[in-house]
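> Structure below; questions to follow.
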Amino acid sequence: MNIDMANSDDKALISEDTAHQISSDPWYQVGFVLTTGVNSAYVLGYSGSVMVPLGWIGGTCGLILAAAISLYANALLARLHEIGGKRHIRYRDLAGHIYGRKMYSLTWALQYVNLFMINTGFIILAGQALKATYVLFRDDGVLKLPYCIALSGFVCALFAFGIPYLSALRIWLGFSTFFSLIYITIAFVLSLRDGITTPAKDYTIPGSHSARIFTTIGAVANLVFAYNTGMLPEIQATIRPPVVKNMEKALWFQFTVGSLPLYAVTFMGYWAYGSSTSSYLLNSVKGPVWVKAMANLSAFLQTVIALHIFASPMYEFLDTKYGSGHGGPFAIHNVMFRVGVRGGYLTVNTLVAAMLPFLGDFMSLTGALSTFPLTFVLANHMYLMVKRHKLSTLQISWHWLNVAGFSLLSIAAAVAALRLIMVDSRTYHLFADL
């Protein structure tokens, strides 16, 4: 297929028109956007969802290898931001330019599923953090998880009404980093103290042989989920020129300094509690009530900010397609539009989160269905399509190997994740109070 063969109808799909602000952010602000995603409250689950199924060797090697592969795939995608004489500010625009109308629609569908499930997971996380805070003071079973999830969705909606676009986060990224450091530091220190006082630990990988196969595949999907956003072109759209060079700086920041807190809390949590590590690390740690409450509240607040990042492509689509297109972002008619449209979107997210609050399963299924295809399969194939005349036979073979390998891994991970959801669905009921 030749990328110049896309007909005029296909190219009409690609537009730089947007109701949101682009090309305005320095590379370090974009780096903090990426780091906010990596060090979201999801990191409190990696000790249980990655290290427990894989063990020390598999988990450690897996985290490092997944980081290297993810950096490589994201760098490939960043280099495709300017092709055909224009910037492609949306993932679907880039796919539409290279492949045509059908892949434009398929990419948008994959990305929508990816971001919807990530946002659903964030609302579950926020609900878990609220419930964990409540239980510290009153373990009477009155405030159940579905109620906490509903409250979390409401707070996320309030935040979405007030922040019109991704670039407007600015100071909130500083708050996000501050909140992340609070819960990561507390989880790290309390885990270290518990690990020292209880030296006898069991690192045996749990489950039967057949169960381990599925949990291992699911953990691999979680590894991919940990580092990738599935919306790199949308984030890159906010960066100042030169867009490729600056995006590569932001990516290096994400995968070096930005990932250190993730490694610290993941390894320390597993070292301290072994195979009994909770899927939400703050449920495992022991310490003063006020310290644990501060960590949980920080996780809740950071999750509200992080969700806004991953919801921004949907917000941009709705604002650009259906918004008024005139007046400032805080004009009354634009604020009311955000209240109606974003409120409706987050209501659906919150309802799904309350019905199926199985956080680990959502991470696995999201990685399988959308993160693998968007970040690894499409990135390698699109780079192959655009640069194929400049690549050696060995380089072409390498990219095809990536496309085939990650496609198979995506299918296997989807099967494993669906099995986990079926097992949990038999164990728990809808709107379960986990």
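> Loop-only check: which chymotrypsin sites (Phe, Trp or Tyr not before Pro) in the range 165-209 are DSSP coil with at most 16 other Cβ within 10 angstrom?
Sparse-neighbourhood loop chymotrypsin sites (Phe, Trp or Tyr not before Pro): Tyr203.
> Using a Gaussian network model of the chain with C-alpha springs under 10 Å, which one of Ile83, Ile98, Ile305 is most mobile by mean-square fluctuation?
Ile83
> Along the range 63-72, what does the Karplus equation 6.51 cos²θ - 1.76 cosθ + 1.60 (θ = phi - 60°) give for ³J(HN,Hα), rounded to whole Hz, x for Gly and Pro?
With the stated coefficients, the range 63-72 comes to 4, 5, 5, 5, 5, 5, 5, 5, 4, 4 Hz.
> Given charges of +1 on the Cβ of Lys and Arg and -1 on the Cβ of Asp and Glu, with all other atoms neutral, how large is the dipole of the range 328-434 about its Cα centre, in debye to the nearest 20?
480
> If you count only protein heavy atoms with a 1.4 Å probe, what accessible area per residue comes out for the chain, rounded to a whole Å²?
Here the residues of the chain average 41 Å² of exposed surface.
> What is the set of long-range amide H partners of Asp25 at a cut-off below 5 Å, with H atoms built 1.01 Å from backbone N?
For Asp25, the qualifying residues are Ile239, Arg240.
> Carbon and sulfur atoms: what percent of the 1.4 Å accessible area of the range 19-427 do they account for?
72
> Sorted by average packing, counted as other Cβ atoms within 10 angstrom per residue and highest first, what order do 271-278, 334-341 take?
Descending mean neighbour count gives 271-278, 334-341.
> Moving on to the next point. Using the per-residue mean of other Cβ atoms lying within 10 Å as a proxy for protection, in what order, highest first, do the peptides 34-44, 61-71 fall? Let's see the in-between values first.
On the way: 34-44: 24.8, 61-71: 17.3.
Order by mean packing, descending: 34-44, 61-71.
> On a 0 to 90 degree scale, rounded to 10, what angle separates helix 378-387 from the longest Cα axis of the chain?
That helix lies at roughly 30 degrees to the long axis.
> Still on this structure, please answer the following. Which of these, Lys131, Lys390, Lys286, has the largest mean-square fluctuation under a Gaussian network model of the chain (Cα springs below 10 Å)?
Lys390
> Now, a different point. Only Lys, Arg, Asp and Glu count, each charged at its Cβ (+1, +1, -1, -1), so figure out the dipole size of the range 153-274 about its Cα centre, rounded to 20 debye.
In debye, rounded to 20, the range 153-274 gives about 200.
> Oh, and also: Which whole-number value in Å³ per residue fits the convex hull of the alpha carbons of the range 279-433?
Hull volume over Cα atoms, normalised by residue count, gives 199 Å³.
> For Cα extents along the principal axes in Å, several values are listed as (1) 64, 57, 39; (2) 69, 47, 43; (3) 56, 54, 42; flag the one computed from this structure.
Answer by label: (1).
> When only Cα pairs under 8 Å and 6 or more residues apart are kept, what is the percent relative contact order across the range 19-427? Can you show the working numbers first?
Numbers: 611 pairs, mean separation 146.3, N = 409.
Over the range 19-427, the number comes to 36 percent.
> For the chain, with the dipole built from +1 on Lys and Arg beta-carbon atoms and -1 on Asp and Glu ones, taken about the Cα centre, which of Leu136, Met422, Trp172 lies farthest toward the positive end?
Trp172
> So, one more: Checking the cross-link filter: which lysines have an alpha carbon closer than 16 Å to that of Lys292, excluding same-chain neighbours under 8 positions apart?
Those lysines meeting the cut-off are Lys131.
> Another one. Among the lysines, select those whose C-alpha is under 27 Å from the C-alpha of Lys321, and discard any that sit fewer than 8 residues away in the same chain.
Qualifying lysines at Cα under 27 Å: Lys11, Lys86, Lys102.
> Once you charge only the Cβ atoms, +1 for Lys and Arg and -1 for Asp and Glu, what is the size of the charge dipole of the range 19-427 about its Cα centre, to the nearest 20 debye?
Computed charge dipole of the range 19-427: roughly 640 debye.
> Positive end of the dipole of the chain, charges at C-beta (+1 Lys, Arg; -1 Asp, Glu), about the Cα centre: which of Thr350, Gly287, Trp108 has its Cα farthest in that direction?
Value computed over the given set: Trp108.
> I would also like to ask the following. For the range 233-248 and the range 316-354, what is the separation of their C-alpha centers, rounded to whole Å?
Rounded to whole Å, the Cα centres lie 25 Å apart.
> Restricted to Cα positions, what overall size does the range 103-245 have along the principal axes? Three whole-Å values, descending.
Largest first, the range 103-245 extends 54, 40, 31 Å along its Cα principal axes.
> Applying the Karplus parametrisation 6.51 cos²θ - 1.76 cosθ + 1.60 with θ = phi - 60° to the phi angles of the range 182-196, what ³J(HN,Hα) value in whole Hz is obtained for each residue in order, glycine and proline being reported as x?
5, 6, 5, 5, 5, 4, 5, 5, 5, 5, 4, 5, 5, x, 6
> Among 213-225, 85-97, how do they line up from the highest to the lowest mean number of other beta-carbon atoms within 10 Å?
Result, highest mean Cβ count within 10 Å first: 213-225, 85-97.
The values are calculated or read from the model by the stated rules, or taken from the named source; none is laboratory data. Bear in mind the structure is a predicted one, so any value in this text is a computation, not a measurement. A quick note on method: Cβ atoms are made from the backbone with ideal geometry, for glycine too, and the neighbour counts reach across all protein chains shown. Note: accessible area is taken over every heavy atom of the protein model, side chains too, but ligands, DNA and RNA are not part of it. Shrake-Rupley method; radii C 1.70, N 1.55, O 1.52, S 1.80 Å.
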